[in-house]
Structures are given as structure tokens and as C-alpha cells.
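Peer 1: The structure under discussion is supplied below as C-alpha cells; questions concerning it will follow.
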Amino acid sequence: MAKMKITPEGVFSYPKLITPDTKFNDDGEYSCKLHVSEEDFNKFSNLIQPEVDAAYEAECVTKKKKLKRVTSSPIRITEDGDFEIYAKQKAKVRSAKTGEEYEFSVALYDSNGQPLSKDLKIGGGTKGKLGVEVFTWHQPGIGGFGYSLRLRSAQIIDLIEYNGEASGGFEAVKGGYVGDSESFNESTEENQEDTSTVVPF
């Protein structure tokens, strides 16, 4: 079993920590993008990279050749220049051999390390840390050898509650153009598309 790694403190972006997102996966997926300082970004990258490199070398030995590595990474600099750590976790996994289904969740803790209930509304802007595990994979069809960070837990240090409002400060105008969402009070954050490059689990 992979050893848990704790990220530096950062700011959550599009956290899906309690209710899994089912837009692209019917079984659901938990995820969180964590934006950190450049210094903390480099420190965490240096912590993760040796484990990834060791797994890569071992896979090369197994395959008896030098493997191609994918260019995408869960530790990345975004187009906006944010230093981002991206972690995710499937909500359900089915065994290919037995068909048995396993369910997962993300453990939540407060700033003192005490467990939190699942009735929070954790919104973007919340400050905290993530508990992750390195998961490496080799899939030649999509580029070769790569890795992802499995999201196991989160520590909430400064909670920003998501209140379901997505009006951008505007009030509703009767008779005007109406998009796909039902109203300004309808939660849209749960349905926003993640356009970042994502590697498979």
C-alpha cells in the first residue's frame, strides 16, 4: 500500500470532497485542486518525484525497455500561472475478477486533526491540506507511464462555505435570456467542467 503524503496548506479550487461528481463518471469521483505557493509547490514536487521515478525504473525493468512518459502531471502550473496540486478518488470501484463493488469516501478533519461530519458545504476558497497517495500506471495507448494522486483525506483549516449562489452579483430579470441552469439559487459549481488535463486512475 502506498504511503500517505500530506500536501502543504493551500486554497481549494472546485472541491468535491463530500458529494462525488457524476458528470463524467456515473459512479462518481471526488476531487480537489489545491493552489499553493511556488515554494511549497517545489517542495511537494521534490517529495513526490523520487517515488514516481523509482516506480518508473521498476516498470522499465519489468517491460525490459525504456518506457515513454506522459507529459501531463497532477502537480502542475496552470495556464493562469497557479501552482496546483490535483488529487482525485473514484467513489466506487468494481473488481474485474469478482464484480464486487467497493465504495470510497474522503475523510475530513478540522484544524486540530479531529474528524468532521459530512454535512459541511465546502466551497472554493477554503484553506486546507490534502492527504494523498501516489498511484502510478502504464498505458501505452494514452502516452505511456504516468501517475496520479489519490485523494484520501482533507484537513479544513479555514472553511469557506458554499451557499449555492452563482449569480455573479446580479439579480434575476424577468423575461430575459435563461440558460441551462434553473435559477440563480441553483448550485452550478457542482456542474462546472474541469478543462484541465487529467490522467487516468
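Peer 1: Report the local net charge at residue 51: Lys and Arg +1, Asp and Glu -1, summed over other residues whose C-beta lies under 14 Å from its C-beta.
Peer 2: -1
Peer 1: A follow-up question, please. Give me the number: length gained by fully extending residue 118 to residue 35, i.e. 0.36 nm times residue separation minus the C-alpha to C-alpha distance, one decimal in nm.
Peer 2: Once the chain is fully extended between residue 118 and residue 35, it gains 27.6 nm.
Peer 1: Could you give the length gained on full extension between residue 161 and residue 96, defined as 0.36 nm per residue of separation minus the Cα-Cα distance, in nm?
Peer 2: Full-extension gain reported as 19.6 nm.
Peer 1: Carbon and sulfur together cover what percent of the accessible area of segment 62-169 at a 1.4 Å probe radius?
Peer 2: So the carbon and sulfur contribution to the accessible surface is 46 percent.
Peer 1: Also: May I ask you to list the GluC sites (Glu not before Pro) in segment 1-101 that are in a DSSP loop and have at most 12 other Cβ atoms within 10 Å of their Cβ?
Peer 2: Sparse-neighbourhood loop GluC sites (Glu not before Pro): 79, 100.
Peer 1: Determine the alpha carbon to alpha carbon distance for each of 3/63; 68/90; 65/92; 66/88; 5/92; 90/127 and list only those over 32 Å.
Peer 2: Violating the 32 Å Cα-Cα cut-off are 65/92.
Peer 1: What residues have an amide H closer than 5 Å to that of residue 116, excluding those fewer than 5 places away on the same chain, when H is modeled at 1.01 Å from N in the peptide plane?
Peer 2: So residue 116 has HN proximity to 108, 109, 110.
The values are calculated or read from the model by the stated rules, or taken from the named source; none is laboratory data. Predicted model only: the values in this text are computed from it and were never measured. Reconstructed Cβ throughout: ideal geometry from the backbone, glycine too, with neighbour counts over all protein chains shown. Quick note on the areas: whole protein, heavy atoms, side chains included, nothing else; ligands and nucleic acids left out. Shrake-Rupley method; radii C 1.70, N 1.55, O 1.52, S 1.80 Å.
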